[in-house]
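Engineer: Here it is, the structure in full.
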Amino acid sequence: MQDHKSLPLTDFIEYPSAEMLARSEQFYTDIKRRHSIRQFSDRPVAREIIENCIKAAGTAPNGANQQPWHFCAIHSRDIKKQVRQQAEMHEQGFYNGRAGEEWLDALKPLGTDANKPYLEHAPWLIAIFSRKQTELEDGHKQNNYYVHESVGIATGFLINALHNSGLVTLTHTPKPMSFLAKICQRPDNERPFMLLIAGYPAADATVPIHAAKKKELTEIASFL
Ligand code: IYR
């Protein structure tokens, strides 16, 4: 290994094997309860919870530790309204032709359409941006590496953190998403990656049967 400065690993915890097995089962049982929800309550959620979840997302592994992400947490009613208006406008184009028949057929079992009331009802929208380049203090533009992979992993951490806090989420990718960069006043080097809706589920929230069917281990994994 090349010469580089390091710290000793002091926060690793070793669990006895029986506890490891139990923890792996517990985690699976808990994460199985995560569902993408499309009916949100307007019940408020404290900003500090969202801050902690974003801090957790910021610990995700990423290319060369460049941390090529930005999380814009939107709580303002007015900004949420703007996001809803723009997203619904683009989604109308998507559902009325741009998607094409095959894509719309794939979405049918989820029951989605161009109406996105939760973009106004949910207490928090988190717009996630990726940074292809970072401008350094001397003005030099530094390339970032594995940007999509990095931001995808951080988004996974964020969803997990929100679920673990007791909230539900929806990953939303209005197409095109460029309006988010404008509304969130993000700089030119950033691209919208995803919009995450976070809050409490509505009392009558449902999970589409189609979404609840997960592939078996043998279908998703092979062991050599
Ligand atoms: N962005 C649209 C369509 C959509 C696409 C996929 I792939 C989904 O899994 C769900 C929805 C929308 O949010 O309605």
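Engineer: Which numbered condition in (1) part of a strand (DSSP E or B); (2) out of contact with any strand residue (DSSP E or B) (no Cβ under 9 Å at 6 or more places or on another chain) is the only one that GLY156 fails?
Structural biologist: (1)
Engineer: Moving on to the next point. Looking only at segment 98-113, which residues are farther than 19 Å from ALA211 by Cβ and surrounded by 13 or more Cβ atoms within 10 Å (Cβ to Cβ)?
Structural biologist: Of everything in segment 98-113, just one residue is farther than 19 Å from ALA211 by Cβ and surrounded by 13 or more Cβ atoms within 10 Å (Cβ to Cβ), namely ARG98.
Engineer: Something else now. So, in segment 98-127, exactly how many residues are away from the ligand (no atom under 13 Å from the Cβ), out of contact with any helix residue (DSSP H, G or I) (no Cβ under 8 Å at 6 or more places or on another chain) and part of a helix (DSSP H, G or I)?
Structural biologist: Going through segment 98-127 one residue at a time, the tally reaches 2.
Engineer: Out of the residues in segment 67-97 that are in a strand (DSSP E or B) and among the hydrophobic types (A, V, I, L, M, F, W, C), which is surrounded by the most Cβ atoms within 10 Å (Cβ to Cβ)?
Structural biologist: Once the filter is applied, the top-ranked residue is TRP69.
Engineer: Kindly indicate whether any position in segment 134-141 is of a type in the set (D, E, K, R), under 22 Å from GLY199 (Cα atoms), touching a residue at least 12 places away in the same chain (Cβ under 8 Å) and more than 16 Å from the ligand (Cβ to nearest atom).
Structural biologist: no
Engineer: Further, regarding this structure: Here's a check for you: in segment 128-153, which residue that is in a strand (DSSP E or B) and in contact with a Pro (Cβ under 9 Å, 6 or more places away or on another chain) is surrounded by the fewest Cβ atoms within 10 Å (Cβ to Cβ)?
Structural biologist: Result: GLU135.
Engineer: Can I ask one more? Would you point out the residue of segment 171-190, among those that are among the β-branched types (Val, Ile, Thr) and in contact (Cβ under 8 Å) with a residue 40 or more places away in the chain, that is surrounded by the most Cβ atoms within 10 Å (Cβ to Cβ)?
Structural biologist: ILE183
Engineer: Tally time: how many residues in segment 26-48 are surrounded by 12 or more Cβ atoms within 10 Å (Cβ to Cβ) and assigned to a loop (DSSP other than H, G, I, E, B)?
Structural biologist: 9
Engineer: Follow-up question, since we're still on this one. Scan segment 109-130 and report the pairs whose first residue is over 30 Å from PRO187 (Cβ atoms) and whose second residue is small (Gly, Ala, Ser) and within 15 Å of the ligand (Cβ to nearest atom), with Cβ atoms within less than 7 Å and a gap of 6+ or a chain change.
Structural biologist: Pairs that qualify, where the first residue is over 30 Å from PRO187 (Cβ atoms) and the partner is small (Gly, Ala, Ser) and within 15 Å of the ligand (Cβ to nearest atom), are LEU110/ALA211.
Engineer: Looking at (1) within 16 Å of the chain's Cα centre (by Cα); (2) among the hydrophobic types (A, V, I, L, M, F, W, C); (3) in a loop (DSSP other than H, G, I, E, B), can you tell me which one LEU224 breaks?
Structural biologist: Of the numbered conditions (1) within 16 Å of the chain's Cα centre (by Cα); (2) among the hydrophobic types (A, V, I, L, M, F, W, C); (3) in a loop (DSSP other than H, G, I, E, B), the odd one out for LEU224 is (1).
Engineer: Mind checking which residues of segment 162-179 are away from the ligand (no atom under 13 Å from the Cβ) and not in a loop (DSSP other than H, G, I, E, B)?
Structural biologist: LEU162, HIS163, ASN164, SER165, VAL168, THR169, SER178, PHE179 - these are the residues of segment 162-179 that are away from the ligand (no atom under 13 Å from the Cβ) and not in a loop (DSSP other than H, G, I, E, B).
Engineer: In addition: For ALA64, only one of the following conditions fails: (1) outside any loop (DSSP other than H, G, I, E, B); (2) within 16 Å of the ligand (Cβ to nearest atom); (3) over 19 Å from the mean Cα position of the chain (by Cα); (4) small (Gly, Ala, Ser). What is its number?
Structural biologist: If we test ALA64 against (1) outside any loop (DSSP other than H, G, I, E, B); (2) within 16 Å of the ligand (Cβ to nearest atom); (3) over 19 Å from the mean Cα position of the chain (by Cα); (4) small (Gly, Ala, Ser), just (2) comes out false.
FYI, it's all coordinate maths here, none of it is from the lab. All values derive from a computational prediction rather than experimental measurement. Note that each Cβ is placed from the backbone with ideal geometry, even for glycine, and that neighbours are counted across all protein chains shown.
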